[in-house]
Structure formats: C-alpha cells, structure tokens
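Beneath this line is the structure, given in structure tokens, with notes to follow.
The values are calculated or read from the model by the stated rules, or taken from the named source; none is laboratory data. Everything quoted here is computed from the prediction, not taken from an experiment. Glycine gets a Cβ as well: all are built from the backbone with ideal geometry, and neighbour counts include every protein chain shown.
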Amino acid sequence: MAKIKMQFVCQNCGATAPKWLGKCPDCGEWNTFVEETATVEVVRKQGLSNFSEPKNINDIISGDKERLDTGIHELNRVLGGGLVKGSLTLISGDPGIGKSTLLLQCANNISKKYGNVLYVSGEESEEQIKIRGDRLNVTADELFIVSETSLEAIVAHIERMKPIFVIIDSIQTIYTDRVTSAPGSVSQVRECANGLMRVGKILGIPLFIVAHVTKQGELAGPRVLEHMVDSVLYFEGERTEEIRILRTMKNRFGTTSEIGVFEMAEEGLVEVYDPSKMFLEDSMGSKEGSVVIGIMEGSRPILVQVQSLVAETKAVMPRRTSVGIEPLRLSLILAVLEKKLKIPFYASDVYVNVVGGLSVEGTSQDLGVALSLISSAKSKEIKYGKVIAIGEIGLTGEIRPVNNVDRLINEGMKIGYTTFVIPERNKEKIKVKGVELITVSTLKEAITKLF
Ligand code: TYD
Ligand code: MG
C-alpha cells in the first residue's frame, strides 16, 4: 500500500522539506521549492526466498563484451568502445546544440546494423522528426518513431516491441500517472528515469535519454539522475560555430577523458577525425600573443591555439579572464611569471582564450600559455614562426616533463610543423626524426631561446 503525503521539493537538487523554504539548505538556490506529492512506499516484508545469494565473482558472466557499434566512431570512443547492452546513458547540452540530430543518426546506424530501434520524442511530432530524418538521409527500415509523453505508454511500447535500442527525447517531457506534479519536476523526472531504467535493465536494452540543462549549464532536475545512470555525456560547442564536442562526465564502462569531435554540416553531424587541423585552420604563422600548444584529450593528441591579451590597466583589481584554460592554472602561471621573471602582470588585465571552444585540462599547456602571455606583454612574436610548445610549469619556474610528447610531435608533423619547444627532461625519450627540438629546463631559458 502506498500512502500519499505532500512535501516540498527543491527543483534544483531534489532536496525535500515538510514546509516551503525560500532558500534550499542543500544547494543554496533561492525560490526552488515546489509542492509535490510524495509516494511513500510501505516496506514490504520479504520472505527468505527473495534474498539473492552472493555469487562468486568468477562465476558471474560479464556482458561487457556485448557492445553495440553506433556507427559513429567518435561516439563509440566516448562511450568506451560502443554502447553497452542494458546501459542507461544521459545526454545533455544546450538547446539547439544537436542532441536530437546525433541521436537520430545513431538510431539510423544501429537500426541498419541490428534491427528494431525505437525513438520516443516528447518534444517533436513524428512529421518533424521525419523532416529531420530526410535531411540526415535516414533510410533504416526498422527505425520506429513515436511521439509520446506517458511513461506507462512508452514502457508498454518497449515491452511489446523489444527493440535493440531506445532513445527518449527528452526526460523533462515524460510524465507518469503515479506522480501528480508537472512534467519536468524533480519527482516526475526521477520516477520516469527509474521506470525507464527498470525496463531497460530487465530486457537488456540500452537507453539514451536526453536531459535538458539549466541556464548555469547544470543538468535540469535532480542530481540524483546523474547517480542513477551509467554514463553522462555532455554535448557542447558554440552555436554560432560548427565545431561540437562530446564529453563524458561519468562513465561506468570506460574513461571519462575521451572526447568526440563533430562538425555540424548541412547533412547533420560529421565526424572530425583530425581535430588539430580544424582547430588550427588559419593560424599557421605566429602572431603576437598567440602560441600553438599540444595537449592530450584522452588517448588522442590535439593541437590548439592559445591567445593572450595583456593590457595595462589602472584598476585596483585587474581582470583575469580565461576561456578554455582553468582560472586556477592561469593564476599559477601568472604568479610564477611575476616572481621568477619579474614581469609586472599586477598592473595589467589578462585575457586568455583557447581557439575553437575546447576546454583544456591537465598541465602540458602551461608552457604555451606562459609564452603567449609573455609574447603579448612584450608585444613581441616568438622567434620561430611555426612552433608548438609543450611542457608543464613548476612553482620554482622549472619546465617539468609531460607524457606523450612523442605523439604530440607526430601530430604536429602531420600538419606541417617542424619546430617544437619541449622540456629538457623529455628529450632523451624522443625517437621522432627530422624535427627541430628546442629543449628548455626553466622558464628563463625558454624566454632567452624564443624571444
Ligand atoms: P537539434 O538536434 O534539434 O538540437 P537539440 O536536440 O540539441 O536541441 O539541432 C538543431 C540545430 O542543428 C539547428 O539549429 C539546425 C542545426 N542542424 C544543421 O545545421 N544541420 C542538420 O542537418 C540538422 C538536422 C540540424
Ligand atoms: Mg532536440
């Protein structure tokens, strides 16, 4: 027996309270509490026969090998080598970024290769999806589209059709009769996701669920959704530019460091196999304040351009603005430059930008960022026209070695770079021939050699 009781639920984080609150004590957001019904499940008495026996780990059959090929290499890689059967994946991103496009293309591929695929849309009519499908050249014979928002109806469709793969676009539009609050509210989202997860796990069907994001870029609805699902993908990019990047925030079946790069074209999303070329398109010469850096994104080397602008200011608190570089990393680099090289950034606004909308993590970009800052501060270009900088900066001003320098150099050679600035301690292990290596062990040395 379930008994009904009212409660107030924070629409941002899912926290509950017996009375209305102005500010959520859990996440600190204001005016997020909404009254919803709570279904209190009365604990059922379980017979002994219901207990599951612990199994020896060696006896458990792993279904991990059973991965579906989505037909999109970039997506396969981000998922950790394909779509795991029975897995639940959340895909989020700004409106209009291309989530529905990516999923329709994926549904088309999977359907052609494996059979029945069900695409449930709560946002668009069947005709609208068909129009998009025509643009994307979707020709699968066993791809079924249904415009439906009732969880019970969707589950019934899945149980009857037993598709190979199901897409739900989007979780915020789905509702269940068991909860009285509006679609998109925390209770609805949680209940619906639970219902979908149950049917997916029982039948071994992988599900992709689109989830909207809030203005702050967080998943709309409860954080609990992120804990429930197996993987969380994030689709990002500037809507005005064509490059789209698919990232993993969570992945139970692979690493979270891989990214997938796409280009939004007339005929849908096109995979970009050579992202370096794309990010560096018209930056072959060196310009003031601009340096090409080599970074690893998961298992793939990528070259991007970092641009800095250092402008004098009389403001008491000079600006520090960075796009694509972690602000903390930038502060650290600036502090080392000030202390060790006596460059007075305290009287300047500093802007740093990674071209192409990529967010750079890790440390191998440090040297390049420092060089671009110095170049702008001194209003001087780097001596060697086409050069790629790789290296981490330590707090004493030393240039520390980084991993995979070999692979970054190879990537650079592929697109016509021949000069590389690398940490001294990396030099011995470099086997690549035919390139000019400028080795540096301190920031000071880098400045002398490059300016
Ligand atoms: P969509 O997949 O509907 O975004 P989301 O589901 O994330 O809200 O993508 C919509 C945008 O993509 C829209 O601005 C038009 C653009 N687009 C193309 O440029 N080419 C295409 O082939 C398609 C289908 C969409
Ligand atoms: Mg959409």
Tally, over segment 153-174, of residues that are away from ligand 1 (no atom under 16 Å from the Cβ) and either among the charged types (D, E, K, R) or within 15 Å of residue 106 (Cβ to Cβ) (or both) = 7
For segment 105-116, indicate whether the set of residues that are of a type in the set (Val, Ile, Thr) and touching a strand residue (DSSP E or B) at 6+ places or on another chain (Cβ under 7 Å) is non-empty.
-> yes
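Listed here are the residues, each with its yes/no results for (1) in contact with a Phe, Trp or Tyr (Cβ under 6 Å, 6 or more places away or on another chain); (2) modelled with pLDDT under 95.
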position: 57; (1), (2): no, yes
position: 81; (1), (2): no, yes
position: 84; (1), (2): yes, yes
position: 90; (1), (2): no, yes
position: 119; (1), (2): no, no
position: 122; (1), (2): no, yes
position: 132; (1), (2): no, yes
Within segment 73-101, the count of residues that are more than 16 Å from ligand 2 (Cβ to nearest atom) and polar (S, T, N, Q) comes to 2
Since residue 137 meets every condition but one in (1) touching a residue at least 60 places away in the same chain (Cβ under 8 Å); (2) over 22 Å from the mean Cα position of the chain (by Cα); (3) closer than 17 Å to residue 76 by Cα, which condition does it not meet?
-> (3)
In segment 228-265, which residues are in contact (Cβ under 8 Å) with a residue 40 or more places away in the chain and part of a loop (DSSP other than H, G, I, E, B)?
-> 229, 230, 237, 238, 239, 241, 252, 253, 254, 255, 257, 258
Inspect all residues belonging to segment 92-115 and state whether any of them is near ligand 1 (Cβ under 10 Å from one of its atoms), over 16 Å from residue 265 (Cβ atoms) and among the hydrophobic types (A, V, I, L, M, F, W, C).
-> yes
Has segment 175-182 got at least one residue that is within 16 Å of ligand 1 (Cβ to nearest atom), surrounded by 21 or more Cβ atoms within 10 Å (Cβ to Cβ) and assigned to a strand (DSSP E or B)?
-> no
Matching option when the condition is within 15 Å of ligand 2 (Cβ to nearest atom), under 18 Å from residue 99 (Cα atoms), of a type in the set (Gly, Ala, Ser) and without any contact (Cβ under 8 Å) to a residue 24 or more places away in the chain, among 125, 147, 121, 170 = 125
Could you run through segment 200-225 and say how many residues are at pLDDT below 85 and not in a loop (DSSP other than H, G, I, E, B)?
-> 4
Taking residue 412 as meeting all but one of (1) loosely packed, with under 15 Cβ neighbours inside 10 Å; (2) at negative phi, write down the number of the exception.
-> (1)
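Test residue 237 against the criterion of being within 16 Å of ligand 2 (Cβ to nearest atom), small (Gly, Ala, Ser), farther than 29 Å from residue 381 by Cβ and surrounded by fewer than 22 Cβ atoms within 10 Å (Cβ to Cβ), and give yes or no.
It is false that residue 237 is within 16 Å of ligand 2 (Cβ to nearest atom), small (Gly, Ala, Ser), farther than 29 Å from residue 381 by Cβ and surrounded by fewer than 22 Cβ atoms within 10 Å (Cβ to Cβ).
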So residue 364, is it touching a Ser or Thr at 6+ places or on another chain (Cβ under 6 Å), closer than 20 Å to residue 401 by Cα and in contact (Cβ under 8 Å) with a residue 24 or more places away in the chain = no
On the given criteria, is residue 53 closer than 25 Å to residue 238 by Cα, away from ligand 2 (no atom under 13 Å from the Cβ) and either in a loop (DSSP other than H, G, I, E, B) or within 20 Å of the chain's Cα centre (by Cα) (or both)?
-> no
State whether the residues of segment 102-113 include one that is β-branched (Val, Ile, Thr), within 16 Å of ligand 2 (Cβ to nearest atom), more than 19 Å from residue 258 (Cα to Cα) and assigned to a helix (DSSP H, G or I).
-> no
